[in-house]
Amino acid sequence: MRSPILTLTVGAFLAGVLVGCQPNGTPATNGDPTPGGGPAGTRAPRAVDGKPNLNGVWQVMNTANWDIQDHDAQPGPYPHLLGAWFYVPPGNGVVEGNELPYQPWALEKRKENFTKRMVMDTEDLKVGDPEAKCYMPGVPRATYMPYPFQIIQGTEKIHIAYEFAHADRIVHLDKVDPTPYLAVDTWMGHSEGRWDGDTLVVDVKGLIDQTWFDRAGNFHSNAMHVVERYTPVGTDALMYEATIDDPKVFTKPWKMRMPIYRHLEPDARIHEVQCVEFAEPFMYGTLSRPPLK
Amino acid sequence: MKARRMAIPVTFGLLAATMVWRLTFLGAQQAEPAGTAAYVQPATTWGEPDLRGVWGGRHQTVTPLERPEKFAGREFLTEEEIAARQKEENELQAKKDALVQRGEGVELGLRGRPAGKTDTIQNFEYNTFWVDTGAPARVFNRTSLIVGPEGRIPYKPEVPARVKFTEAVVSSNPPRDFVNRSWRDRDMGERCITDGTIGMIWAGTGPTEITQGPGYVVIRGEQFRDRRIIPTDGRPHGTIRSILGEAVGRWEGTTLVVETKNFSDRTQHWPLDRFAQEYRTPTASMHLIERFTRTAADAIDYTITITDPSKFTKDFTISFPFLKSPTEQVLLEYACHEANYGMLHLLSQARNLERRTGARRKIAG
């Protein structure tokens, strides 16, 4: 086995050197964002190790962050102040079958979350949508925030860098001891990855119970186990699927599915956003002098 | 140390780097500590120099930022001084380990560390309770992290007074007439945003992780989840400003050179929201050049040169070797803002104080 792989690698590099770019569709170093340099094809571009090459800047084109289920258009908050800015765009849900199998108590909790989604409680930071406070979005919500994320694909580690709240995940393809990562629940969880053919499968555990799925108040507990599947569709799209298993909140596992698209701008990048700065007036304004109202 | 290092010449190119990769990777596994043998920089599978891994930061050593007066005019410690200080650190760690094993607080173990402002970076001794290195701090041969004959921050004359005021405000004994009006009266660290780019690698409490993909190096500090995504594909700087600045990298041989500019000016509204430690506060006129050279499997030579004519009379350079930590192999999630009850309490306490005593802050009132 070793010999053909080495031959392939050297061959790939020779090809790369000859044409002056990274081999087999790795984004060229001159900033050309289109892997392979041509129109979208059907075969996923390859990294040097022969795996699908997921390097790039990605983003969904959907409204799941507002509500992962089917939802109508709605006015935004304070339309008398903000006009048509910030209205809720209508959209198809991303949940398979659209219905979420909540346990009865959890359905009530979800309704309460929705009612209080814009509340800032200075006694209890767990009230309200964590997005408004610029908290890390958790998994899977990080994937379908209306902001880009970048995949930096090494060999043993795949780094997923989200623009929102500058949250990060390291997907460990190598064997790591999960003990320190799972010692306490975390906002972005602990991610272990493997390749299933051309699909990157990521197993996510250790997630804290304080992130939501969307602005509609859909939520989970710290028993949630997420299995994500990233499957290349041609050169510039991925099909994303997440299976949610949370026996404390739901009666059975359920799935969400959506495409993710590659940014093709020549200088596509994610920028540094310190959204804490923008959340502070909302969070601390009533405790300031003079108070913000 | 540099003379003994054997670097892969850049002209080797991708092909050579790939062909020797397996060999050099093996070599890296067996490499000796920094400076003890010729070292061949390993390459990634896609042919770029490999800096990946979890690296220790400033917390691994006790070298002060500025040169203490007792070392004036002297850039390096003698072998005897290094040995004596290392012995002290080893004993301190042993004492700490013993206390921890008995179930007593880690901070108790730090009693006895030599204190004194001239011997440390500001507040570092106090803040050692944040830092559990799990191993004795390393004593390097420099008398200060700042290189050169002076070893001091070349502040313009008007700056030190502002620094002093800043220190007083963020200390545990702020001026009696100081009342926090809003979150903007606290520094960006207390707001869980960042302590800034300059100190990210050498001043933080946690380790640093470097990840790489083709054409990118990403540096992440555990503290504040500071993250810098650095393209090395030849793209130029843009015009968009941000708090950590825009970093653009290039490879010079096996050295990663990172140039950072386009810093935001949002923290500069003196004095009302200018409470970060002065030398760690980015400004719009700031410009940084950093160099990362891997010198062993477990060591990177790091230098950062700081230019900011608004605060400093000239450029100055900080140099620090960072090591692959033997005890900290992972970065844990730094969810600071996500539970910043400290800010809520601090502000509600200020409002209560005003209600009870009618206190009003006199400074810039």
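Return yes when A:Val95 is modelled with pLDDT of 95 or more, among the β-branched types (Val, Ile, Thr) and more than 30 Å from B:Cys192 (Cβ to Cβ) and no when it is not.
Spelling it out, A:Val95 is indeed modelled with pLDDT of 95 or more, among the β-branched types (Val, Ile, Thr) and more than 30 Å from B:Cys192 (Cβ to Cβ).
Are any residues in the range A:56-84 of a type in the set (A, V, I, L, M, F, W, C) and under 30 Å from B:Gly213 (Cβ atoms), and if so, which ones?
A:Val57, A:Trp58, A:Val60, A:Met61, A:Ala64, A:Ile68
Could you grab me the full set of residues in the range B:215-251 that are more than 25 Å from B:Asp265 (Cβ to Cβ) and either open to solvent by less than 30 Å² (accessible area, probe 1.4 Å) or under 23 Å from the mean Cα position of the chain (by Cα) (or both)?
B:Gly215, B:Tyr216, B:Val217, B:Val218, B:Glu222, B:Thr232, B:Asp233, B:Arg250, B:Trp251
Within the range B:303-326, take every residue that is part of a loop (DSSP other than H, G, I, E, B) and among the hydroxyl-bearing types (Ser, Thr, Tyr) and give me the one that is farthest from B:Thr143 (Cα to Cα).
Filtering first and then ranking leaves B:Ser310.
Looking at A:Gly20 and the list (1) within 11 Å of chain B (Cβ to nearest Cβ); (2) at pLDDT 95 or above, which single condition is not satisfied?
(2)
Taking the criterion of being within 14 Å of another protein chain (Cβ to nearest Cβ) and outside any loop (DSSP other than H, G, I, E, B), would at least one residue in the range B:161-183 satisfy it?
Looking through the range B:161-183, at least one residue is within 14 Å of another protein chain (Cβ to nearest Cβ) and outside any loop (DSSP other than H, G, I, E, B).
A quick yes/no check of all residues on (1) aliphatic (A, V, I, L, M); (2) part of a loop (DSSP other than H, G, I, E, B); (3) open to solvent by 10 Å² or more (accessible area, probe 1.4 Å):
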residue	(1), (2), (3)
A:Val139	yes, yes, no
A:Pro180	no, no, yes
A:Trp195	no, no, yes
A:Asp203	no, no, yes
A:Asn222	no, yes, yes
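Does A:Tyr230 fit the bill of being open to solvent by less than 50 Å² (accessible area, probe 1.4 Å), farther than 22 Å from B:Ala335 by Cβ and not in a loop (DSSP other than H, G, I, E, B)?
Considered against the rule, which asks whether it is open to solvent by less than 50 Å² (accessible area, probe 1.4 Å), farther than 22 Å from B:Ala335 by Cβ and not in a loop (DSSP other than H, G, I, E, B), A:Tyr230 comes out as yes.
Could you please find all residues in the range A:182-193 being in a loop (DSSP other than H, G, I, E, B) and over 18 Å from B:Leu332 (Cβ atoms)?
none
Output the qualifying pairs, or none if there are none: Cβ atoms under 8 angstrom, residues six or more apart or on different chains, first residue in the range B:334-345 and facing chain A (nearest Cβ under 7 Å) and closer than 14 Å to A:Ser288 by Cα, second residue assigned to a loop (DSSP other than H, G, I, E, B) and open to solvent by 60 Å² or more (accessible area, probe 1.4 Å).
Note: pairs meeting the criteria are B:Met343/B:Glu190.
Given B:Ile304, B:Ile300, which one is crowded, with 20+ Cβ neighbours inside 10 Å, over 28 Å from A:Ala165 (Cα atoms), hydrophobic (A, V, I, L, M, F, W, C) and more than 14 Å from every other protein chain (Cβ to nearest Cβ)?
From the options B:Ile304, B:Ile300, the qualifying one is B:Ile300.
So which of A:Asp168, A:Asp129 is facing another protein chain (nearest Cβ under 8 Å) and either touching a Lys or Arg at 6+ places or on another chain (Cβ under 8 Å) or at pLDDT 95 or above (or both)?
A:Asp168
Can you run down the residue pairs with Cβ atoms below 9 Å, 6 or more apart or on separate chains, where the first is in the range A:280-293 and without any contact (Cβ under 8 Å) to a residue 40 or more places away in the chain and the partner is open to solvent by 80 Å² or more (accessible area, probe 1.4 Å) and assigned to a helix (DSSP H, G or I)?
Close Cβ pairs (under 9 Å, with a partner that is open to solvent by 80 Å² or more (accessible area, probe 1.4 Å) and assigned to a helix (DSSP H, G or I)) amount to A:Glu280/B:Arg184; A:Ser288/B:Arg184; A:Leu292/A:Thr286; A:Lys293/A:Thr286.
Report, by residue number, each residue of the range B:347-358 that is part of a helix (DSSP H, G or I) and more than 9 Å from chain A (Cβ to nearest Cβ).
Matches in the range B:347-358: B:Gln349, B:Asn352, B:Leu353, B:Arg355, B:Arg356, B:Thr357.
How many residues are more than 15 Å from B:Glu290 (Cβ to Cβ) and within 7 Å of chain A (Cβ to nearest Cβ) if we restrict to the range B:208-219?
Residues in the range B:208-219 being more than 15 Å from B:Glu290 (Cβ to Cβ) and within 7 Å of chain A (Cβ to nearest Cβ): 6 in total.
So if I check each of B:Arg220, B:Arg152, B:Arg228, which one is part of a loop (DSSP other than H, G, I, E, B) and modelled with pLDDT of 80 or more?
None of the other options fit; the residue is B:Arg152.
Identify the residue in the range A:254-293 that is in a loop (DSSP other than H, G, I, E, B) and among the β-branched types (Val, Ile, Thr) and, among all such residues, is least open to solvent (accessible area, probe 1.4 Å).
Among those that are in a loop (DSSP other than H, G, I, E, B) and among the β-branched types (Val, Ile, Thr), it is A:Ile270.
Against the conditions (1) part of a helix (DSSP H, G or I); (2) open to solvent by less than 10 Å² (accessible area, probe 1.4 Å); (3) not small (Gly, Ala, Ser), where does A:Gln150 fall short? Just the number, please.
It fails just one condition, (1).
The values are calculated or read from the model by the stated rules, or taken from the named source; none is laboratory data. Small disclaimer: the values here were computed from a predicted structure and weren't measured. A quick note on method: Cβ atoms are made from the backbone with ideal geometry, for glycine too, and the neighbour counts reach across all protein chains shown. Accessible surface is based on the protein model in full, side chains and every heavy atom, while ligands, DNA and RNA are left aside. Shrake-Rupley method; radii C 1.70, N 1.55, O 1.52, S 1.80 Å.
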